[in-house]
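Heads up, the thing below is written out as structure tokens.
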Amino acid sequence: MLLYGRNPVLEALRAGLVQELLVARGVEEALVQELKTFDVRLKFAPRIELDQIAGTTDHQGVIADVEDLEWASVDDILDRAESKGEELLVILLDGITDPRNFGAIIRSAEVLGAHGVIVEERRSSPLTATVAKAAAGATSFLPVAQTKNLPRLIEQLKADGVWVYGAAGEAARPMQQLDYQRPLALVIGAEGEGMRRLVREKCDELVSIPIRGQIQSLNASVAAGILIQHALASREAGAKK
């Protein structure tokens with residue numbers, strides 16, 4: 001797979017995933033010197049060649065040849081929480097098909113400290129270079145898994161003691177009123193449509209983010225970031241009591 005963009009490429013280099021680098025002639029010397037610190041072959045080419053290969057001018061002067069991104073398993077995510085000695089916090093995505101939103105949610109989940117992201121096979125963007133770029137390299141570090149049936153997975157998680165909170169703008173209970181001191185899955189639905197009815201019905205609680213402005217909705221990736229941060233901050237505050 002071809003991966004482009006400076007942050008995604010640098011993170012892939014740090015993770016040892018890059019096989020070869022294509023660099024645009026004329027990029028700043030500081031970037032070239034940083035790339036040379038990795039034991040990877042550098043090939044220089046005119047910028048227009050990178051435009052053609054990437055199919056976009058948004059490559060920032062560098063393209064990496066990496067192994068295809070691979071899906072993790074749900075067990076990988078559960079094991080990650082257990083190995084860290086932390087209460088599970090996993091993000092479930094219902095119908096996030098835009099690759100930039102998908103990547104942004106992966107990025108927020110990794111940066112803020114969630115243990116993984118799970119999507120349904122038929123209702124998600126695939127793991128593409130666009131997703132990896134939007135994730136700014138987080139796909140190299142955070143397990144992202146697929147499930148064939150999200151409502152059934154929710155049932156399995158609940159049977160294992162995981163609480164499931166679904167984000168819904170019209171929910172009566174704001175995020176400040178819920179308990180986060182427990183194994184937890186946060187469900188983020190598609191923009192405009194929200195969660196499917198069956199997914200919504202499987203949730204233990206529906207949660208809203210307080211809106212103070214005139215616009216009454218948030219981008220899905222922004223909502224995910226707010227809820228992840230609030231959940232983990234609440235856990236930290238509870239641990240200090």
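The values are calculated or read from the model by the stated rules, or taken from the named source; none is laboratory data. The structure displayed is predicted, hence computed values, not measured ones. Virtual Cβ from ideal backbone geometry, glycine too; neighbours counted across all protein chains shown. Only protein heavy atoms, including side chains, enter the accessible area calculation; ligands, DNA and RNA are left aside. Shrake-Rupley method; radii C 1.70, N 1.55, O 1.52, S 1.80 Å.
Among (1) more than 29 Å from Leu157 (Cα to Cα); (2) open to solvent by 70 Å² or more (accessible area, probe 1.4 Å), there is one condition Asp79 misses while meeting the rest; what is its number?
(1)
If Ala81 satisfies every condition in (1) touching a His at 6+ places or on another chain (Cβ under 6 Å); (2) modelled with pLDDT under 90 but one, which is the exception?
Result: Ala81 passes all but (2).
Would you call Ile96 part of a loop (DSSP other than H, G, I, E, B), among the aliphatic types (A, V, I, L, M), closer than 22 Å to Lys202 by Cβ and open to solvent by less than 60 Å² (accessible area, probe 1.4 Å)?
Against the criterion (part of a loop (DSSP other than H, G, I, E, B), among the aliphatic types (A, V, I, L, M), closer than 22 Å to Lys202 by Cβ and open to solvent by less than 60 Å² (accessible area, probe 1.4 Å)), Ile96 qualifies.
Is it the case that Ala132 is crowded, with 23+ Cβ neighbours inside 10 Å, in contact with a helix residue (DSSP H, G or I) (Cβ under 7 Å, 6 or more places away or on another chain) and of a type in the set (Gly, Ala, Ser)?
yes
Being in a helix (DSSP H, G or I) and in contact (Cβ under 8 Å) with a residue 40 or more places away in the chain is the filter here, so list the residues in region 108-122 that pass it.
Scanning region 108-122 gives Ser108, Ala109, Leu112.
Scan region 6-36 residue by residue and report those that are over 23 Å from Ile48 (Cβ atoms) and of a type in the set (Lys, Arg).
The answer is Arg14, Lys36.
Kindly check whether there is at least one residue in region 85-92 that is closer than 17 Å to Gln146 by Cα and either acidic (Asp, Glu) or open to solvent by 30 Å² or more (accessible area, probe 1.4 Å) (or both).
No, that holds for no residue.
Out of everything in region 204-224 that is among the polar types (S, T, N, Q) and assigned to a loop (DSSP other than H, G, I, E, B), what residue ends up being farthest from Leu186 (Cα to Cα)?
If we take residues in region 204-224 being among the polar types (S, T, N, Q) and assigned to a loop (DSSP other than H, G, I, E, B), then Gln214 is farthest from Leu186 (Cα to Cα).
Any idea which of (1) within 19 Å of Thr97 (Cβ to Cβ); (2) modelled with pLDDT under 95; (3) open to solvent by less than 10 Å² (accessible area, probe 1.4 Å) is the one Leu150 doesn't satisfy?
Unmet condition: (2).
Mind checking whether some residue in region 214-237 is touching a Lys or Arg at 6+ places or on another chain (Cβ under 6 Å) and open to solvent by less than 70 Å² (accessible area, probe 1.4 Å)? Steps first, answer last, please.
Just the residues of region 214-237 that are touching a Lys or Arg at 6+ places or on another chain (Cβ under 6 Å), to begin with: none.
There is no residue in region 214-237 that is touching a Lys or Arg at 6+ places or on another chain (Cβ under 6 Å) and open to solvent by less than 70 Å² (accessible area, probe 1.4 Å).
Starting from region 30-57, keep only residues that are of a type in the set (Gly, Ala, Ser), then list their pairs with residues that are modelled with pLDDT of 90 or more whose Cβ atoms are within a distance under 8 Å, requiring at least 6 positions of separation or different chains.
Here the result reads Ala45/Leu22; Ala45/Val23; Ala45/Ala24; Ala45/Arg25; Ala54/Ile63, each pair linking region 30-57 to a residue that is modelled with pLDDT of 90 or more.
Within region 180-203, take every residue that is touching a strand residue (DSSP E or B) at 6+ places or on another chain (Cβ under 8 Å) and part of a loop (DSSP other than H, G, I, E, B) and give me the one that is farthest from Ile118 (Cα to Cα).
Taking the candidates together, the pick is Arg182.
Mind checking which pairs have a first residue in region 225-241 that is farther than 18 Å from Ile105 by Cα and a second that is open to solvent by less than 30 Å² (accessible area, probe 1.4 Å), Cβ under 7 Å, 6 or more apart or different chains?
Partner pairs satisfying both residue conditions: Ser234/Tyr180; Arg235/Tyr180.
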